[in-house]
Amino acid sequence: MTGPNISPNDNSLDCDVLVVGAGFAGLYAVYAARRLGHSVVGIEAGDDVGGTWYWNRYPGARCDVESIDYSYSFDAELQRDWRWTERYATQPEILAYARHVADRFKLRRHYRFNERVAAASFDEAAAAWTVQLAKGDRLRARWIIFAAGSLSTPIRPDISGIDDFAGEMLFTARWPEERVTFDGKRVGIIGTGASGIQCAPIIAQTAAKLTVFQRSPNYSVPAFNRALPDDEWAEIQASYSERRRQSFASGGGSPHEVDPREIWDIDEGERASLFENGWKKGGVLFAKIFPKQTMDERVNALARDFAEKKIRAIVRDESLADDLIPTDHAIGTKRICTDSGYFETFNRDNVELVNLRRDPIIEITERGVRTRNASHDLDMLIFATGFDAMTGTITRVDFRGPGGQSMAEAWADGPKTMLGLMVPGFPNLFNITGPGSPSVLTNMILGAEQHVNWALGLMSHTQQKGYTMVEARRDAADAWTAHVDAIASATLFTQAKSWYMGANVDGKKRTFMPYIGGFAAYIRECEAVRAEGYKGFVFAS
Ligand code: N01
C-alpha cells in the first residue's frame, strides 16, 4: 500500500473513491482501492467497523457459514494468523476479526464514523459525484463504491400501538452494546426468522417467561457447532488454498457441492443417509444435498419430510410441533435458519408459542401484546422482524444520476442492474452484493472481494483508456436482469413469500432479487464481460 493520505488524481475532488460502509465489503473496498493508489474516504453510520456484525449483537448471533470460509481470502498472512475458535463463529468473534482487519491494514483512518450518506448527485461535466452527508458536509468523488449491506435496513413493523409499550423494547438488528438481561423478565419476541430463532433459546434460559409470536414457521437445521481443535486447525491451514479454490469454483462460495446424481437413481437407504449427512453438515447446506432439491417439488418433498420428522422427534407436544412445521414453502426457498436448540426450547415450561395465523396481533399496549384471544403482559418486547433487503438501503439514499432520476424511481418496478454491480443512469457507482449478484446466496465475504476486484478493474480500465466515466448500458442491464429472472423462474424460490422476493415489504415489487446461477457461474459471466472489453458498458469523458 502507498501512504495514508494521498491526494485525489483530480484536485477539484476530495477523493477518488468514496466507500459507503465499514462492513466486510466496505473494509475490503477501502483496502483494495488504497492498494491501487486511489485516495479513499469511507463513510460509516456506526461508530466503528463491522457492519452487520456491529449492529446485530443480539444473544446467540452467529454466522451460518463456517468461519474458516466466511473470512477474507485476500491476504495469506491474515488467513494464517487469525485463529477461529469455533466452527461457526459468534458475533463477538466475527466483530473482533473485523476490528483486527481494520487495525492490521490501518483502515480506520480513511473512515468518517457516525456519518451517513444522505444524497448524491452526479455532475456530468466534472464526471464526479457530489455526496451530501447527513450532518451537512459535502464531498466530491469520482467513484462511489456502495457497500452498505444487503440486510442493513431493519423493518419496524406497522403494528398499532407500537409506541405505547412501557417496557423495554429492542430490535435484534439494533441491539444495544450494553449487556441486556432477561433474568426474571416476561419477554416477548416477534419474528421467527434466522434472528429470532438464534436468540430465543438463549433468552428462554434466564427469562421468567418467553412468549414467541410466530406468524410463519421456518425450517431450521441445528448448527452442530463445536470448537476447532488444534489438529483440525493445522489441517485447515495446510489445505487452505485448495479450500479457497473450491469456494470460488462452487455454487455457494464455500467448498461444498451437491451430489451430482439424480435422486431417483439412488436407493432409499442411501438417500436417507445422504439426507442425514446433509443434516449433520448443519444449516443452509441441508438445502444443497441434491441438484434439483429446490427445483423439483418431488425432491423437495423428500427433504421436507426428513426435516419434519426431525422437528417431531424433538418437540414433545404434537400440536405444538404441528404449529412449528412450515407448510407454506418448499424447504430452502426461504433461507434455512441455523439454530442451537431452537425446537428444544418449546419443551420448556417457561416458553409459549403464539400462532399468529390463528390468533393475530390486534395491538401493542402499554402492558404488552394483545392478540385476538389473549393479552400477553410483558416486561420486554423484542422485534426480530427482518429487513428491507437488498434494495432498501441504497434506495433510501437520494442518488441522482445525470438524468435526475433517483434509484428508488429507477427501481420502482424492481431492480435492474448489469451484473448486479452497476445501474443504468448512475455512472461511476458500484453496488456491492446488491440485487442481480449472487450476494445473499453465497459467501458474502468472498463475494465482496470478487465484486470489489471487478469494480476496481473496470475503474482502472476506464482510466487507462483516457475516460472519466463508465455506465451500464440499458439494454445490457435489461438482458442481465432478464437472465437473473429466467434462472430464478426455473426454481421453486419464486413461489415462497420471502425477503429474496421482496415479499416482506408492503408495496415492494415481487421479484427474485439475487442471482441464483451460482458463484462460479457468476464469476465466469463477469470475466467474460471483462474479456470482451467490458461489453455492456459505455465509456465517456
Ligand atoms: O428476518 P426475516 P431475520 N407481525 O425476514 C416476522 C440473515 N441472518 O432478521 O415470515 C408478526 O427472516 C416474519 O414473519 P413472516 C439471513 O439471511 C442470518 O430473522 O413475514 N411477525 C418473520 O418470521 C436471514 O434470512 C443469520 O410471516 C412479523 C420475521 O419477522 C436474514 O438475515 C442470523 C411481522 C422476520 O424474519 C433475515 O433474518 C440472522 C409482523 N408485523 C439473520 N413482521 C445467521 O444465522 C415481520 N414478522 C447467519
- request: Any chance you could count how many residues in region 364-407 are within 13 Å of the ligand (Cβ to nearest atom) and either closer than 30 Å to ARG474 by Cβ or touching a Phe, Trp or Tyr at 6+ places or on another chain (Cβ under 7 Å) (or both)?
  value: 10
task: Could you check how many residues of region 423-433 are within 19 Å of the chain's Cα centre (by Cα) and more than 16 Å from the ligand (Cβ to nearest atom)?
output: 3
task: Scan region 155-180 and report the pairs whose first residue is under 15 Å from SER195 (Cα atoms) and whose second residue is modelled with pLDDT of 95 or more and open to solvent by 70 Å² or more (accessible area, probe 1.4 Å), with Cβ atoms within less than 8 Å and a gap of 6+ or a chain change.
output: PHE171/ARG156
- request: Please verify whether region 400-409 includes one or more residues that are surrounded by 19 or more Cβ atoms within 10 Å (Cβ to Cβ) and either within 25 Å of ILE523 (Cα to Cα) or aromatic (Phe, Trp, Tyr) (or both).
  value: no
Residues located in region 276-310, provided they are open to solvent by less than 30 Å² (accessible area, probe 1.4 Å), touching a Phe, Trp or Tyr at 6+ places or on another chain (Cβ under 8 Å) and more than 16 Å from the ligand (Cβ to nearest atom): GLY278, TRP279, ILE289, VAL299, ALA303, ALA307
message: Please count how many residues of region 244-261 are within 16 Å of GLN450 (Cβ to Cβ) and over 21 Å from the mean Cα position of the chain (by Cα).
response: 2
Residue that is nearest to ASN225 (Cα to Cα), among those in region 171-191 that are out of contact with any Leu (no Cβ under 9 Å at 6 or more places or on another chain) and within 16 Å of the ligand (Cβ to nearest atom): THR172
message: Can you tell me which residue is nearest to the chain's Cα centre (by Cα) among those in region 81-128 that are under 26 Å from PRO222 (Cβ atoms) and basic (Lys, Arg)?
response: ARG87
- request: Mind listing whichever residues of region 469-502 are out of contact with any helix residue (DSSP H, G or I) (no Cβ under 7 Å at 6 or more places or on another chain) and within 16 Å of the ligand (Cβ to nearest atom)?
  value: GLN495, ALA496, LYS497, SER498, TRP499, GLY502
statement: Of the residues in region 313-350 that are closer than 20 Å to ASN300 by Cα and either of a type in the set (Ser, Thr, Tyr) or in a strand (DSSP E or B) (or both), the one that is nearest to the ligand (Cβ to nearest atom) is THR338
task: Determine which member of the set GLY436, GLY414, GLY447, GLY457 is within 21 Å of the chain's Cα centre (by Cα), at pLDDT 95 or above and outside any loop (DSSP other than H, G, I, E, B).
output: GLY447
Every pair of residues 6+ apart whose Cβ atoms lie under 6 Å, when the first sits in region 94-123 and is free of Cβ contacts under 8 Å to residues at least 60 places away in the same chain and among the hydrophobic types (A, V, I, L, M, F, W, C) while the second is open to solvent by less than 60 Å² (accessible area, probe 1.4 Å) and not in a loop (DSSP other than H, G, I, E, B): ILE94/TRP53; LEU95/TRP53
message: So for region 362-370 (the condition being small (Gly, Ala, Ser), in the same structural domain as GLY283 (by TED's automatic domain parsing) and in contact (Cβ under 8 Å) with a residue 40 or more places away in the chain), does at least one residue qualify?
response: yes
query: Here are some conditions: (1) crowded, with 21+ Cβ neighbours inside 10 Å; (2) within 13 Å of the ligand (Cβ to nearest atom). SER216 meets all but one. Which one does it not meet?
result: (1)
statement: Here the residues within region 16-36 that are of a type in the set (A, V, I, L, M, F, W, C), open to solvent by less than 10 Å² (accessible area, probe 1.4 Å) and closer than 22 Å to ALA128 by Cβ are VAL17, LEU18, VAL19, ALA29, VAL30, ALA32, ALA33
field: LEU353 being open to solvent by less than 60 Å² (accessible area, probe 1.4 Å) and closer than 30 Å to LEU302 by Cβ
entry: yes
First in region 33-49 and of a type in the set (S, T, N, Q), second anywhere and crowded, with 20+ Cβ neighbours inside 10 Å, Cβ under 8 Å, 6 or more apart: SER39/CYS15; SER39/ASP16; SER39/VAL17
- request: Would you confirm whether any residue within region 440-455 is more than 16 Å from the ligand (Cβ to nearest atom) and touching an Asp or Glu at 6+ places or on another chain (Cβ under 8 Å)?
  value: no
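Residue-by-condition table, conditions (1) closer than 30 Å to TYR467 by Cβ; (2) hydrophobic (A, V, I, L, M, F, W, C):
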residue: MET501; (1), (2): no, yes
residue: GLY507; (1), (2): no, no
residue: ALA520; (1), (2): no, yes
residue: ALA531; (1), (2): yes, yes
residue: VAL538; (1), (2): yes, yes
residue: SER541; (1), (2): yes, no
- request: With respect to ARG156, determine if the residue is within 16 Å of the ligand (Cβ to nearest atom) and either in contact with a helix residue (DSSP H, G or I) (Cβ under 8 Å, 6 or more places away or on another chain) or open to solvent by less than 20 Å² (accessible area, probe 1.4 Å) (or both).
  value: yes
message: One residue is enough: does region 231-249 have a residue meeting the conditions within 16 Å of the ligand (Cβ to nearest atom) and either open to solvent by less than 70 Å² (accessible area, probe 1.4 Å) or touching a strand residue (DSSP E or B) at 6+ places or on another chain (Cβ under 9 Å) (or both)?
response: no
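Can you report the number of residues in region 503-537 which are open to solvent by 70 Å² or more (accessible area, probe 1.4 Å) and either out of contact with any helix residue (DSSP H, G or I) (no Cβ under 9 Å at 6 or more places or on another chain) or part of a loop (DSSP other than H, G, I, E, B) (or both)?
Adding up the residues that qualify gives 8.
The values are calculated or read from the model by the stated rules, or taken from the named source; none is laboratory data. These numbers come from a predicted model, not from an experiment. Virtual Cβ from ideal backbone geometry, glycine too; neighbours counted across all protein chains shown. To get the accessible areas, we keep the full protein, side chains included, count just its heavy atoms, and leave off ligands, DNA and RNA. Shrake-Rupley method; radii C 1.70, N 1.55, O 1.52, S 1.80 Å.
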